[in-house]
1. Using only the alpha-carbon atoms of the stretch B:150-308, report the extent along each of the three principal axes, biggest first, to the nearest angstrom.
2. Of A:Thr277, A:Thr180, A:Thr150, which is the most mobile in a GNM of chain A whose springs link Cα atoms less than 10 angstrom apart?
3. How many percent of Cα pairs in the protein assembly as shown exceed 44 Å?
4. Taking the Cβ-Cβ separation of A:Ala219 and B:Arg306 as r and a Förster radius of 56 Å, what is the calculated FRET efficiency to the nearest 0.05?
5. With an 8 Å Cα cut-off and a minimum separation of 6 or more residues, compute the relative contact order for chain A in percent.
6. What does the average come to when, for each residue of peptide A:174-183, you count the partner chain Cβ atoms lying within 10 Å of its Cβ?
7. Lys/Arg Cβ at +1, Asp/Glu Cβ at -1, dipole of the protein assembly as shown taken about the Cα centre: which of A:Phe179, B:Gln225, B:Thr47 is farthest positive-ward?
8. In degrees from 0 to 90, rounded to the nearest 10, what is the angle of the helix A:185-195 Cα long axis to the longest principal axis of chain A?
Amino acid sequence: MRAREPDAEGYVDRDGVKLHYEVFGDGEPTLLLMPTWTIVHARFWKAQVPYLARHHRVVTYDGPGNGRSDRPLDPAPYGCEAQGRLALAVLDATGAERAVPVSLSMASQWALWLMAHRPERVLGSVFIGPSLALTPGHQGRQQPFEEPYTSTEGWAKYNWYYWQDHYQDFLEFFFSQCFTEPHSTKPIEDAVGWGLETSAAVLLAENDAPWVDQATLRAWCAASRCPVLVVHGTKDQISPLRRGRALAEATGGGLVVMEGAGHIPLARDPVKVNLLTREFVESLPEGSRP
Amino acid sequence: MTALRGRSPAAQAAPEQTRARYPDAEGFVERDGVRLFWERYGDGDTTVFLLPTWSIVHSRFWKAQIPYLARHFRVLTFDGRGNGRSDRPAGAAAYTEREFAADALAVLDTTGTGRAVAVGLSCGALWGTVLAADHPDRVAGLVVIGPAVGLAPPHPERAVHSFLEPLDTDEGWARYNRHYWLRDYRGFLDFFFSRCLTEPHSTKQHEDCVGWGLEIAPETLADSQQGLLLCGLESFRDCCGRVRCPTLVIHGDEDAIRPHAQGAALAAATRGRLVTLAGAGHLPQARHPVKVNLLIREFVESLGGRAR
């Protein structure tokens, strides 16, 4: 059951990969709530859609690998440029000439790609808990990924073999690190459920897609011209606050630091995130509106 | 006179949480030497009176009702004797349903409230019913949620252990025991609220309730528990028969504290409407607040001019 059902939905087919999208509301401009890591699908925006759709046209879609989209086992559709082009395909299919992308975690690189390569389509960009290799990540996360695991504790579970042996246990661990706030049992249960809708095989294929290096990310940041808002929690155990800070500096954007928030404030502090997003969208210059 | 017992050190250390809505007026009313703390939110001709329940919690248990209802009605609430900012008299006699009903009347008087729609949760159904029966001119309608009324048998597991006698077990409802309370009060609160909040994802509501529970001393809570036992079933049945105002009973069908049959019996005894919340436990106002708020609002609006 949902608080708000979509007003329109459909599929786009690009290079043989079918993606499912949904459209809510009709106010300008369009907000493109992007997918993130394939471990979840578009329902992770459930606390944003009903509110934002009262004020704006909201487009969400399941990225390749989860939800109602295809689950390719070829790494190609999961690469950064491919993801950027999939986002464009959804904008085209929904008739959104321009939009405000809102991205969480690893989708930040796809949003940056859009800003650098299709600046005429991006009115402004909201980043939440961006996971971008602009600065080093958390120390504790640096565990061997492609070697057989010798420990099953903590981040050792983030491992090619462990995922295949104990996928659900990995999900439970990972989301416990995403949701560090007290009273997160519901969002953890939701996210584990969405994680079970895909598979270790899909995550492994995605992991084999090429990653964008730091110099390229910096060049994209420098090329960005649109207004930027970065929202980052101080207790983000997945991607440290310094990464959000670095993104805001590199793009000349605003930074909102959320005290005590973890990696997914849109689920645990939805009112704050919704108001910040709406304020940002309404602050965009009139001339930039279609 | 009032013998005051202090709040527990843990509760004294905990700062109050921020609120979605702050009262527009507040104050104390004193009745027979016991000071009661009340709050008023919003304005308007129609008053919704959120009654206290068992003194194991105080008026913040209405936190999910107040901000919504106050947008539509004048909302009045107070801390029941024994908890919150009200006094904590000693002795079981200070905690009978008659005392709570008289406190409620004093709050209506001191706030200049002629008539109100009374809303009671659990034990609050006792004093809500007494108030409606004895003061029909002051109560325009009565809503009770998960009523703790002896009109139907209790859950069998709750009838096993003595409250006053020492027990040789601390398992389950054996924790509902005075000796256990004095030995491990926190353990009792954790158990009791786990049975109140049987819905998944209740950690926040559980933490809130345990925190409020720590604001009353176990000795005082034991007094209040004994006071409630003084409520005679026959006189309560008589009260139900004298209720003339419209009533609404809301009861979860998974209430592990008070069987749904008790709510059904109260609805029948007061010729009221029964709404059964599927899957809900004993505190639906906390775990299903939107549903409960809408039911209260619809009920109040259905009374029309009679509620003013």
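Laboratory data are not the source of any read-out in this text; all were calculated from the coordinates shown. This one's a predicted model, so the numbers in the text were calculated from it and none came from an experiment. All Cβ positions, glycine included, derive from the backbone under ideal geometry; neighbour counts span all protein chains shown.
1. 54, 38, 28
2. Top of the fluctuation ranking is A:Thr150.
3. 35 percent
4. Step by step, r from the Cβ atoms, then E = 0.20.
5. 20 percent
6. 1
7. Checked the options; the winner is B:Thr47.
8. 90 degrees
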